[in-house]
1. I'm trying to understand the selection: among the residues of the stretch 297-337, which are open to solvent by 10 Å² or more (accessible area, probe 1.4 Å), in a helix (DSSP H, G or I), small (G, A, S) and within 24 Å of V259 (Cβ to Cβ)?
2. Does T411 satisfy the criteria of being out of contact with any strand residue (DSSP E or B) (no Cβ under 7 Å at 6 or more places or on another chain), farther than 30 Å from E251 by Cβ, assigned to a strand (DSSP E or B) and not aromatic (F, W, Y)?
3. If the requirement is being more than 24 Å from M397 (Cβ to Cβ), at pLDDT 90 or above and not basic (K, R), which of these qualifies: A466, A470, A462?
4. Which residue is nearest to S51 (Cα to Cα), if the candidates are limited to the stretch 189-222 and must be among the polar types (S, T, N, Q) and open to solvent by 60 Å² or more (accessible area, probe 1.4 Å)?
5. If I ask for residues that are open to solvent by less than 10 Å² (accessible area, probe 1.4 Å) and not in a helix (DSSP H, G or I), which ones from the stretch 256-293 would you list?
6. Tell me which residues, restricted to the stretch 223-242, are open to solvent by less than 40 Å² (accessible area, probe 1.4 Å) and part of a helix (DSSP H, G or I).
Amino acid sequence: MPRSAPSSSLSPLRSRARVGRPDWLSSPKVLRTEVLAGLVVALALIPEAISFSIIADVDPAVGLFASFTMAVVISVVGGRKAMISAATGAVALVIAPLNRDHGFGYLVAAVILAGVIQILLGALGVAKLMRFVPRSVMVGFVNSLAVLIFMAQVPEMHDVPWPVYPLIAAGLALMVLFPRVTKVVPAPLVSIVILTVVTVAAGIAVPTVGDKGDLPSSLPTPGLPDVPFTFETLKTIAPYALAMALVGLMESLMTAKLVDDITDTRSNKTRESIGQGVANVVTGFFGGMGGCAMIGQTMINVKVSGARTRLSTFLAGAFLMVLCVVFGPVVSDIPMAALVAVMVMVSVATFDWHSVAPKTLRRMPAGEITVMVVTVAFVVATHNLAIGVVVGSVTAMVIFAKRVAHQADVTAVVDPDGKQAVYAVTGELFFASSNDLVHRFDYANDPDHVVIDLTDAHIWDASSVAALDAVEAKYAARGKKVTITGLNEPSAKFHGNLSGELTGGH
């Protein structure tokens, strides 16, 4: 026992010495994983960023600069480790009309304003709304994400030279088989390198990253948006900025929640919301098109490559610029087939196959399946994850309200002496369950004294109070008295404050 005392007394000192040490320095293995994951994500970001630039009708450099600044900034100020933020299709679709109608300066101004709005919303606690997203919506979100990732690869497999198909198949085979040999190097990186070497060495003519657009040759420089600083400009950009802020926050918070589930860790959603805003403000001042969390690239980073720290996010942005500025000619030779194979693999890994297994579907309540299907359908139809999540959540609320409403019941018990009638009301009383409450009483035949026992019920809203008032009014019109008993404290307070104040008849 005496020998253990020194060790015990030193442990707090060791603990304090570790405070502030980055988690990616915990071991060489972790550092290697983070570095290689960042490189893989950077390679996957290049064609995506260029594609989103085309959607927004801006120069490819704008999307690449946005991906660089978003990733680097969010790696420092974000609330979810290892999540990748960059230029995204959802944001590009929102701001594209502004760029076409008013010019690039207005787009940059809208990005900065969107960042300010996100900071304000984050400070106001908008992230807490994530608790209202049901699990069935989350499953639908994940599955629709997998579908969208796969659908985004379809154009790269249509009307292309025939060697593209065996290259994609080879890339998939490498990513499935290589981890059985070693996991020291991420399989997607190995696949990209091998397919690039094969196509260049054999002179195989297939679409490459360079075909998507020219890569930038210098780093971005900060500056102010080229717009008049007037109220008219604010009126023009405000609707687009608000839409971008909401879409970006929703996608980012949903992605953060998904990464939480995958890694079994919790993240600071409020910090993430504010961080997204800061990243967009910085991106705007550097002439980028803005962005948010990228779910596909995040899955590459977290699920495929095994990254868990901020270093991988930072390096994804840093490597992106290094690859474009320093190794542009080499990166341009990467066949699109290699990146398509990576994204197809991500799609397959992301999809929750257990949720559509026959055994699961047989046991799952019909309402839960409906919510999942509705979420997937709306996301795939609109290509907008935010719309699907909102519609899915509303659907879940309607189904829940309907289910709970059916639990409310009224049972009548008439005293043997016939002097009073007792009605026992059970369940949750709210707008969906209280609408039929008025029709559950025998106003004409009941005795002069009626007792409504709410011991096993709870009043949730004004609709329930109004329904009880209506019942009392109908009995009063026949000269009969109603006594309400059994109210719990919250229900009694709610009923006391509103009873008699909701209708003109009282």
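1. Matches in the stretch 297-337: A318 only.
2. No: the conditions fail for T411.
3. A470
4. Narrowing the stretch 189-222 to residues among the polar types (S, T, N, Q): 191, 196, 199, 208, 217-218, 221.
Narrowing the set further to residues that are open to solvent by 60 Å² or more (accessible area, probe 1.4 Å) leaves 217-218, 221.
Details: S217: 18, S218: 20, T221: 22 Å.
Step by step, filter the stretch 189-222, then rank; the result is S217.
5. G288, M289, G290, G291, C292, A293, listed by residue number.
6. Within the stretch 223-242, T233, T236, I237, A238, A241 meet the criteria.
Conditions (1) assigned to a helix (DSSP H, G or I); (2) without any contact (Cβ under 8 Å) to a residue 40 or more places away in the chain; (3) open to solvent by less than 30 Å² (accessible area, probe 1.4 Å), marked per residue:
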{"residue": "G38", "(1), (2), (3)": "yes, no, yes"}
{"residue": "I46", "(1), (2), (3)": "yes, no, yes"}
{"residue": "S53", "(1), (2), (3)": "yes, no, yes"}
{"residue": "S75", "(1), (2), (3)": "yes, no, yes"}
{"residue": "K81", "(1), (2), (3)": "no, no, no"}
{"residue": "D101", "(1), (2), (3)": "yes, yes, no"}
{"residue": "G105", "(1), (2), (3)": "yes, no, yes"}
{"residue": "V116", "(1), (2), (3)": "yes, no, no"}
{"residue": "L120", "(1), (2), (3)": "yes, no, no"}
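So that you can scan it fast, the table gives a plain yes or no per residue for (1) modelled with pLDDT under 90; (2) farther than 22 Å from L129 by Cα; (3) of a type outside the set (D, E, K, R):
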site	(1), (2), (3)
P225	no, yes, yes
P228	no, yes, yes
E232	no, yes, no
L246	yes, no, yes
M254	yes, no, yes
T265	no, no, yes
R271	no, no, no
I274	no, no, yes
A279	no, no, yes
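The values are calculated or read from the model by the stated rules, or taken from the named source; none is laboratory data. Predicted model, so just to flag it, every value in this text is computed and none were measured. Positions of Cβ are generated from backbone atoms using ideal geometry, with glycine treated the same way; all protein chains shown enter the neighbour counts. Accessible surface areas use protein heavy atoms only, side chains included; no ligands, DNA or RNA. Shrake-Rupley method; radii C 1.70, N 1.55, O 1.52, S 1.80 Å.
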